[in-house]
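Asks: I have a structure I would like to understand better, so I am pasting it below and will then ask my questions one at a time.
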Amino acid sequence: MTKAKTILIVEDETDILHLIEWHLRAEAFSILTAQNGIKGLELAMTQLPDLIILDLMLPGMDGLEICKALKRNPKTENIPVVMLTAKGEEVDRIVGLELGADDYIVKPFSPRELTLRVRAILRRFEAEKPEETKITYKDLLIDLDSYRVWIEKNEITLTVTEFKLLVELIQNKGRVRTRDQLLDRVWGYQFDGYARTVDTHIRRLRQKLGEEYADAVETVRGIGYRCKE
Ligand code: CA
């Protein structure tokens, strides 16, 4: 099960705060609350919630100032902000690039609408998250950006082909990769007679990985290779 997403609600009107809190808790979100701007910003910075529901008019520091502060800080700039506004407030400015709110809802709103909006934004941000550039396997650390590999902090030098083979096997650990699949994924093509190439590179890869990890790359006779889970 994935960890519950945390939502920070910053709203000075107690009734509205409780209404939102109640509905989002019912949806299994984990909730943080603040009733003034300064406390809200402090919670955002220290707790790094997954999403912030931010009232525009707040005592202490208003929603726009908080939003600007969040979007200026690299730690919090990627947290989606949903602004709550009263009718007649300047919606255009709120969602403008300058202020950086990701969405807004005009009061009075239905809690159901708010919940749907929150889910949609979380989904959108999830999809936009940059792909993981580092993968680990036991004590192996692999940096996909720089093509570097370490075993317990000691770097080992692999050729690009060996590197790609290792990544392909680890990313599919527990599953057999046929020689054709490996040729296709690592070399980008496959044709008869080149299956032996895979064996040669696997042999060199095992030598470089050393005893412990050489065994992690299993030969599946007549088929291909598999990285142990
Ligand atoms: Ca208010």
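The values are calculated or read from the model by the stated rules, or taken from the named source; none is laboratory data. Model, not experiment: these values are computed from the prediction. Note that we place each Cβ from the backbone using ideal geometry, even for glycine, and neighbour counts take in every protein chain shown. Keep in mind that these areas ignore ligands, DNA and RNA; they rest on the heavy atoms of the full protein, side chains included. Shrake-Rupley method; radii C 1.70, N 1.55, O 1.52, S 1.80 Å.
Asks: When the dipole is taken about the Cα centre of segment 4-59, and only Lys, Arg (+1) and Asp, Glu (-1) are charged at their Cβ, what size is it in debye, to the nearest 20?
Replies: Dipole size: approximately 220 debye.
Asks: Here is a further query. Run the reach check for Lys71 against lysines, Cα to Cα strictly under 28 Å, same-chain hits fewer than 8 apart removed. What comes back?
Replies: Qualifying lysines at Cα under 28 Å: Lys3, Lys5, Lys39, Lys87, Lys107, Lys129, Lys134.
Asks: So, one more: For the Cα atoms of the chain, what angle does the longest principal axis make with the long axis of helix 37-47, in degrees from 0 to 90, nearest 10?
Replies: 10
Asks: Let me have the 222 nm mean residue ellipticity of the chain computed from DSSP H runs of 4+ only, each contributing -39500 (n - 2.57), with the sum over all residues rounded to the nearest 500.
Replies: After summing the helix terms and dividing by the residues of the chain, the value is -12000 deg cm²/dmol.
Asks: Provide, for q = 0.23, 0.25 Å⁻¹, the log10 of I(q)/I(0) from a solvent-free Debye sum over equal Cα point scatterers in segment 1-85.
Replies: Values, matching the q order: -1.08, -1.26.
Asks: Out of the total accessible area of segment 1-52 (probe 1.4 Å, heavy atoms of protein only), what percent is carbon and sulfur?
Replies: Carbon plus sulfur share of accessible area: 54 percent.
Asks: Take the alpha carbon atoms of segment 159-173, find their center, do the same for segment 195-225, and report the distance between the two centers in whole angstrom.
Replies: For segment 159-173 versus segment 195-225, the Cα centre distance is 11 Å.
Asks: Where nothing but the Cβ of Lys and Arg (+1) and of Asp and Glu (-1) is charged, how large is the charge dipole of segment 145-189 around its Cα centre, in debye to the nearest 20?
Replies: Approximately 160 debye in magnitude.
Asks: Check which residues have an amide H placed less than 5 Å from Met83's amide H, if you skip close sequence neighbours.
Replies: The list, which skips near neighbours in sequence, is Leu54, Asp102, Asp103, Tyr104, Ile105.
Asks: Counting only C-alpha contacts under 8 Å and six or more residues apart, can you give the relative contact order of the chain as a whole percent?
Replies: Averaging sequence separation for qualifying contacts and normalising by length gives 12 percent for the chain.
Asks: Segment 126-229: which chymotrypsin sites (Phe, Trp or Tyr not before Pro) are DSSP loop and have at most 16 other beta-carbon atoms within 10 angstrom?
Replies: Those satisfying the criteria are Tyr147, Tyr189, Phe191, Tyr194.
Asks: Right, something else. Hey, what angle do you get for helix 195-209 against the long axis of the chain, alpha-carbon based, 0 to 90 degrees rounded to 10?
Replies: Approximately 70 degrees, to the nearest 10.
Asks: How many Å² of accessible area per residue for the chain, probe 1.4 Å?
Replies: That works out to 58 Å² for each residue.
Asks: Hey, another quick one. For the chain, how big is the tail of P(r) above 28 Å, as a whole percent of Cα pairs?
Replies: 50
Asks: Moving on. Only sites in a loop by DSSP and with at most 16 other Cβ atoms within 10 Å count here; which trypsin sites (Lys or Arg not before Pro) in segment 121-210 make the cut?
Replies: Lys138, Lys153, Lys173, Arg175
Asks: Turning to a different aspect of this structure: I'd like to know which of Ala4, Tyr104, Thr76 lies farthest towards the positive end of the charge dipole of the chain, counting +1 on Cβ of Lys and Arg and -1 on Cβ of Asp and Glu.
Replies: About the Cα centre, the residue reaching furthest to the positive side is Ala4.
Asks: Could you tell me how many degrees, from 0 to 90 and to the nearest 10, lie between the Cα long axis of helix 111-128 and the main elongation axis, the longest principal axis, of the Cα atoms of the chain?
Replies: 30
Asks: Right, another one. Using Cα pairs closer than 8 Å and at least 6 residues apart in sequence, work out the relative contact order for segment 173-229, in percent.
Replies: 50
Asks: Continuing with this model, one more query. With only Lys, Arg, Asp and Glu charged, each at its Cβ (+1 for the first two, -1 for the last two), find how big the charge dipole of segment 6-126 is about the Cα centre; round to the nearest 20 debye.
Replies: With Lys and Arg at +1 and Asp and Glu at -1, about 340 debye.
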